[in-house]
Amino acid sequence: MASRPAGASAAGGQLGMVDAVAQLAFVVHGMIEMRAAEHDLSLTQARLLGVLRDRTPTMNELAGLLGLDKSSVTGLVDRAVRRGLVVRTPSAEDRRAVLAGLTDQGRSLVSRAAASFGADLTAMLDLLAPADRDVLSGIVSRLLIAYAASHGVDLFAGLNTQVPPPG
């Protein structure tokens, strides 16, 4: 008798929910890591630039969006500033706050990396029927929005509506 992968259900060879989501996370993580490495970025640096592609948050907001403590974000932003990818600007609304945003060089790098990552992800998603891709997009969007909200993060706060998301 042939063995099934760990976590696979007997019906239709499907993976169990935990295994399916974990395996998908590993695949997507690998795609991001590969594209980040092409630009000499760590995964965390790529996440920083990805967040900044469509918003200019305060350092505290950035810490929440990245799920990191403020001191870690400060060091992360310091390194990106030294590379010429990120700029800090004082907040016009709160003189105690500092905003982080992409430089032109940072925006160019994010655009190139996002296009490559988008092509990788599209190639994988194209293995699904269009209707299945739409269903997956809706479910994942609702899940991520709910999860972020349950952790006090509004994924739509501070979005720059004039910058279209890649993809």
Between residues in the range 17-33 that are without any contact (Cβ under 8 Å) to a residue 24 or more places away in the chain and within 15 Å of Leu121 (Cα to Cα) and residues that are of a type outside the set (Val, Ile, Thr) and in a helix (DSSP H, G or I), which pairs lie under 9 Å by C-beta distance while being six or more apart or on different chains?
-> His29/Leu43; Glu33/Leu43; Glu33/Ala46
Filtering the range 31-62 down to residues that are charged (D, E, K, R) and surrounded by fewer than 16 Cβ atoms within 10 Å (Cβ to Cβ) yields Glu33, Glu38, Asp40
Take the range 114-155 and flag every residue that is among the aliphatic types (A, V, I, L, M), surrounded by 13 or more Cβ atoms within 10 Å (Cβ to Cβ) and closer than 27 Å to Ala63 by Cβ.
-> Ala114, Leu121, Ile145, Ala148, Val153, Leu155
Just one of Val28, Val73, Val81 is surrounded by fewer than 18 Cβ atoms within 10 Å (Cβ to Cβ) and touching a helix residue (DSSP H, G or I) at 6+ places or on another chain (Cβ under 8 Å); which is it?
-> Val28
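Give me a count of the residues in the range 49-83 that are hydrophobic (A, V, I, L, M, F, W, C), touching a residue at least 40 places away in the same chain (Cβ under 8 Å) and touching a Ser or Thr at 6+ places or on another chain (Cβ under 9 Å).
So the answer is 1.
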Mind listing whichever residues of the range 128-157 are assigned to a helix (DSSP H, G or I) and under 15 Å from Gly50 (Cβ atoms)?
-> Leu144, Ala148
Starting from residues that are in contact with a Leu (Cβ under 7 Å, 6 or more places away or on another chain) and of a type in the set (Val, Ile, Thr), keep the ones in the range 84-100 and report whichever is surrounded by the most Cβ atoms within 10 Å (Cβ to Cβ).
-> Val86
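Only the coordinates and a few stated rules stand behind these numbers; no lab work does. Please read these numbers as outputs of a predicted model, since none were measured by experiment. All Cβ positions, glycine included, derive from the backbone under ideal geometry; neighbour counts span all protein chains shown.
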